[in-house]
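Student: Structure provided below as structure tokens; questions to follow.
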Amino acid sequence: MNKTESFKDEAEAFAQIEAKNWHAVTLDIPAESNDFHWHDFDAVVYITKGELVLTVEGMDGPVSCGRGTKINATAGVVHREESKGYSAIIGFAQAPETLTQPINKAPPAAMGQ
């Protein structure tokens, strides 16, 4: 399940990722509005600029995540994202180059199963 918390600053974000022995990546995400999907990896997302609106399947309403929000993203959670653009530090449980493609996987119901 995706869980949100808060964090103080970028140094704290990097320190928390390093403490988990995960892989940190800094990204600027352009405006997007995607369909429900899931990922086959665990990650933690630290919003450093802008806003991300996260909707998790089966939960009541969307959650607005602004600067200082930490999202604990568990593999397999079906969700969607909307944003006018944001910046984030993302910690991946595995090396980013080993992530399977596409990153956003269609939910089984969307694949006709």
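Throughout, read-outs are computed from the coordinates displayed, never taken from laboratory work. None of the values given here were measured: they were computed from a predicted structure. Cβ sites come from the backbone with ideal geometry, for glycine too, and all protein chains shown count toward neighbours.
Student: Starting from the Cα of Asp9, step 7 Å along the direction of its Cβ; do the same at Phe36; then give the gap between the two resulting points in nm.
Tutor: Each label point is offset 7 Å from its Cα along the Cβ direction, giving 4.1 nm.
Student: Number of Lys pairs in the chain with C-alpha atoms less than 21 angstrom apart, excluding same-chain neighbours closer than eight positions?
Tutor: 11
Student: Suppose a student asked you for the relative contact order of segment 1-105, using Cα pairs under 8 Å spaced at least 6 residues apart; what percent would you report? Walk me through the numbers before you get to the answer.
Tutor: Values: 248 pairs, mean separation 43.1, N = 105.
Taking the mean separation of contacting Cα pairs over the length of segment 1-105, I get 41 percent.
Student: For Lys20 and Ser64, calculate 0.36 nm times their separation in residues minus their Cα-Cα distance, and state this gained length in nm to one decimal.
Tutor: On the way: separation 44, 0.36 × 44 = 15.84 nm, distance 2.57 nm.
Contour length minus the Cα-Cα distance gives 13.3 nm.
Student: In terms of the Cα gyration tensor, with a ≥ b ≥ c the square roots of its eigenvalues, is segment 48-100 rounded because a/c is under 1.5, prolate because a/b exceeds b/c, or oblate? Write down the numbers at each step before the final one.
Tutor: Values: a/c = 2.09, a/b = 1.20, b/c = 1.75.
Since a/c reaches 1.5 but b/c is at least a/b, the shape of segment 48-100 is classed as oblate.
Student: Rg (Å, one decimal) plus Dmax (Å, integer) for the alpha carbons of the chain?
Tutor: In Å, with Rg to one decimal and Dmax whole: 13.6, 44.
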